[in-house]
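Before any comments, here is the structure.
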Amino acid sequence: MDIRGVLASDLVIARWLDAAAAYFFKEQEFSLKWAVDEFESNVLLELDFRLEADNALRCKDFIAAAPPDISDRLSVPDVMQEWSTDRVLTMEFAEGIPVSKLCKAIRNKLAQATDEDEPTQVMEEDPTFAGVDVQAVGLQLADTLVSTFGAMVFDFGFVHCDPHPGNLLVQLPDKEQPHARFVLLDHGLYRTLSEPVRLANCGFWKSMALQDEEGIRAFGRTMGIDEKTSVVLPLYFVSRSCRTRAGLGQPITDEEKAELKRELAEAGLLQGNGAGGVSLKGMGALADRVPGDMMYIMRTMHLVGDLHRQLGSSKNRRFWTYMRQAARGHWIHRGRKTSFLDRFLRPLGSRFGTWWFQWHLWLREAFLTCLSQWRGSSTTHFSLAGTLGESREEVTHRSPTPQPA
């Protein structure tokens, strides 16, 4: 079968459907041309398995250079170069169980703890996890997951952009291996961040953590993101804006959530003053204003965040890990000639700078947490995807306004 020929015809159909959708939703100026373009450019690369083999080998180099909390708990199957071509990729067979199976065991364990007063609901335990504390394993793997992809984004600048559960196997701890390990599969879709973009992204995350709007705008410009879009991205990445008076991953008040909805409306993502539905025009415009590399980083972090939650860990823990890695990555300058003195002083500066940033952030977060407890009405958790979904449902189920007779 000619895969490239089939793909070419599928792309023609996709562009025709996009044109049809743009016609029927022309009042909303809706278009998915950007998505079709990105799909075409990346799927053609994924058809050459020599590139995937190179990506896997480069990922193994990343693991070898990573700290023990990553290198001891993550592996990539070896590539058999002599048996691989542009159309065939041969790799080492890796033992492991699907991570989704572990997530299901964790959910069952939590459900049993919640329903312990209802003995009628009995869940059969999976023999795969006999004698294993699945919740402890889940938390350890959740830390490994975030540390791995945080290091890829903020330190290495070479990011596996398809970390869905099907691409991750779990090797449970045993006598020879005291820690659970991930096996990372499918190395067809990667993004390489240029050094200026990687450093700017580190600064962008530090600015989001400290709610520094000027820093967010400045680092956003370096990454090719306009100011209007830059100030909205914290709602996606850390679920708060520069005006939110709540700690990372902490609940907010209903008034603050309404304010965040108004900010989304100002950015064009919601209709009206935040009380309307999702704006298709605004969503399409946002995608057009964010560079392709950053769109893939956003997608990757969304997939990591969802799996991190399923493994039983908290949003707060994920945010803090990313912030530490962004602070550390800001001191790393790859591909630049350095003097002996610079190689000696930079690690010291990195340690002190990272420590100072964490101390500053801890003081801010402690203040915001105390403020939130003092107000005593912060019960709502915010997420951009959830808020957009709620707005769509509110519009769908809104009763029509009675018309006068």
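What follows is calculated from the coordinates using simple rules that are stated; it is not laboratory data. As the structure is a prediction and not an experimental result, all values here were calculated from the model. Virtual Cβ from ideal backbone geometry, glycine too; neighbours counted across all protein chains shown.
Distant-in-sequence amide contacts of PHE382, defined by a placed amide H-H separation under 5 Å and a gap of 5 or more residues or a different chain, comprise ILE252.
When the GluC sites (Glu not before Pro) in region 171-221 are filtered for DSSP coil states and for at most 10 other beta-carbon atoms within 10 Å of their beta-carbon, the remaining sites are GLU176. Amide H to amide H, with H built 1.01 Å from N, PHE158 comes under 5 Å of LEU193, counting only residues 5 or more places away or on other chains.
Which of the residue pairs LYS104/LYS206; LYS206/LYS261; LYS26/LYS101; LYS104/LYS228 have a Cα-Cα distance greater than 32 Å in the structure shown?
Violating the 32 Å Cα-Cα cut-off are LYS104/LYS206; LYS26/LYS101; LYS104/LYS228.
Karplus-based coupling profile of region 310-319, in residue order and whole Hz: 5, 7, x, 9, 10, 4, 4, 5, 5, 4, with θ = phi - 60° in 6.51 cos²θ - 1.76 cosθ + 1.60 and x standing for Gly or Pro. For the pair GLU214 and ALA366, the difference between a 0.36 nm per residue extended length and the Cα-Cα distance amounts to 52.5 nm. Residues in region 217-234 carry Karplus couplings, in order, of 5, 5, 5, x, 4, 4, 7, x, 10, 5, 5, 4, 6, 4, 6, 8, 4, x Hz; the curve used is 6.51 cos²θ - 1.76 cosθ + 1.60 with θ = phi - 60°, and Gly or Pro positions show x. Rg and Dmax, both from the Cα atoms of region 1-107 and both in Å, are 20.0, 55. Take 147-160, 59-72 and order them by the average number of nearby Cβ atoms within 10 Å per residue, most first; the result is 147-160, 59-72. Placing a pseudo-label 7 Å from each Cα along the Cα-to-Cβ vector at ASP254 and ALA64 gives an inter-label distance of 5.9 nm. 3J(HN,Hα) along region 62-75: 4, 5, 4, 8, 7, x, x, 5, 10, 5, 7, 10, 8, 9 Hz, from the Karplus curve 6.51 cos²θ - 1.76 cosθ + 1.60 with θ = phi - 60°, whole Hz, x for Gly and Pro. Between PHE352 and GLU266, the simple spin-label model (points 7 angstrom out along Cα→Cβ) gives 3.8 nm.
On the beta carbon distance between PHE93 and LEU47, with R0 = 22 Å, the FRET formula returns roughly 0.40. Each peptide in 365-374, 201-210, 185-194, 104-113 gets a packing score, the mean of other Cβ atoms within 10 Å over its residues, and the list from highest to lowest is 201-210, 185-194, 104-113, 365-374. Work out how much length PHE24 to MET298 would gain on full extension: take 0.36 nm times their residue separation and subtract the Cα-Cα distance, in nm to one decimal. Contour length minus the Cα-Cα distance gives 95.8 nm. Taking packing as the residue-averaged number of other Cβ atoms within 10 angstrom, the listed peptides 46-56, 6-16, 313-323 run from highest to lowest as 313-323, 46-56, 6-16. Extension gain for SER194 to ASP86 (0.36 nm times residue separation, less C-alpha to C-alpha distance): 36.2 nm. In this structure, the amide hydrogen of LEU270, modeled 1.01 Å from its nitrogen in the peptide plane, lies closer than 5 angstrom to those of ALA265, SER279, counting only residues at least 5 positions away or on a different chain.
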